[in-house]
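First the structure, in the form of structure tokens, and then the observations on it.
The values are calculated or read from the model by the stated rules, or taken from the named source; none is laboratory data. Keep in mind the model is a prediction, meaning the values are calculated, not measured. With ideal geometry, Cβ positions are generated from the backbone for all residues, glycine too; neighbour counts draw on all protein chains shown. Areas reflect the complete protein model, heavy atoms only, side chains present, ligands, DNA and RNA absent. Shrake-Rupley method; radii C 1.70, N 1.55, O 1.52, S 1.80 Å.
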Amino acid sequence: MHEKIKISTHTSFQPLEAVLLGQGVSSSYFDWVKDDKVRTPLNRIVEETQEDLDFVKKTCEDFGATVFQDKPLDFDQELFENKMAIPVPPIQPRDVHLTLGDKVYCTSTEKVWNYIYDIVEEDSIVNLFTLSHESGKPYEGGDTISGASCLKVGNRIIIPSIVDNNMKKFSKVFFTEKGYEIIETNDDAHTDGIMSMLKPGVIVSLGDVINYKETFPGWEVHHCEDQSWSKVAGWLNFKNKSKGRWWIPGEESNDYLQQFVDTWLNKWVGYVEETVFDVNMFSLSEECVLVNNYNKEVFGFLKKHKIEPIICPMRHRYFWDGGLHCFTLDLCRDGDRENYF
């Protein structure tokens, strides 16, 4: 058991020292499902997701970072008591936490995330819901502030339009008082599904979504070309069935599975049609970044800037609605808060 740690992280690219890795469900989680057309593909997702997470863990540990990870979630029959969708497992810590400076800001009330208190010293944990409510600007139901929807880059925080308006107003005052500059954009999706900051002055982006001339003046941006969903085989055949929310390759005609997921796992899936997640990268340092797959143009751009890509496939990112950055949460990085602008 590791000793509890203090948070210390200011960017997405300073050398990684400690990381929280998401966790899925146990191998027996879907044993109660009788229909083999449903149980078999779900078990494949569970098994292959665990294999992919294990590879990410080994890669981070080989780099020298400490990896924290909860045990796989076991099935609980009480999940059916209120006829509600089964709660999502703690697989994407970035979606409900923002690590910034010496704090981790929590934005979820789900008890599956309570294990953060077993990892991080309690004085490093801040509940943004409580602070927002006490400020007179309670959360109204938009997207919360998290490491997925906000960018931390030294003394600057970039917040997109998707964030709940009241929480955004509260956070602008709250973080400004802590010495941060708040930049708002018009982006209506999680920022880490749109772009990755790889080192000072270097960005990979899916398109010209953010106004980079204002938010990152002087930075070089590589725009990934020809990355639309029309290039993903099988997706267009299934998008109408899933309403653009999720996709499992090879199961496009499995109506039994589609009905089960939409009924019981609708909290697990998100809205994958909003972006292609291959830009959802996770940096170990300014010289090394984890990527989902090979892209000739992107790899050429990385080589130009002396950044080594390590391929860590997340085969079911279109089911979980997330990528490598979502499945990880940097807890400690070596470096101080700097002004990169």
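Quick notes on this one:
- Cα→Cβ-extended label distance, 7 Å offset, between N114 and K71, nm: 1.6
- Hypothetical label at D102: residues of the range 299-341 whose amide nitrogen lies under 13 Å (7 Å Cα-Cβ projection): 337
- Contour minus Cα-Cα distance for K4 and N211 (0.36 nm per residue): 70.6 nm
- Estimated FRET transfer efficiency when R0 is 51 angstrom, pair E308-L265 (beta carbons, to 0.05): 0.90
- Temperature 25 °C, viscosity 0.890 mPa s: under these conditions the Stokes-Einstein estimate for the range 10-109, based on its Kirkwood radius over C-alpha pairs, is 156 µm² per second.
- Between S27 and E177, the modelled labels are 5.1 nm apart [label points 7 Å from Cα along Cα→Cβ].
- Spacing of the two label points (7 Å from each Cα toward its C-beta) at N186 and D255, in nm: 4.3
- Sorting V163, V126 on solvent-accessible area from highest to lowest, probe radius 1.4 Å, gives V126, V163.
- Pairs exceeding a 22 Å alpha-carbon distance, out of K152/K304; K4/K71; K168/K199: K152/K304; K168/K199.
- 22 Å Cα-Cα threshold exceeded, pairs from K6/K178; K58/K103; K6/K172; K178/K213: K58/K103; K6/K172; K178/K213
- Protein accessible area in the range 59-207, 1.4 Å probe - carbon and sulfur %: 45
- Per residue, the accessible area of the range 273-341 comes to 39 Å² when a 1.4 Å probe rolls over the protein heavy atoms.
- Averaged over its residues, the range 25-108 has an accessible area of 47 Å² per residue, based on protein heavy atoms and a 1.4 Å probe.
- The slack in the chain from Q50 to D62, taken as 0.36 nm per residue of separation less the alpha-carbon distance, amounts to 2.5 nm.
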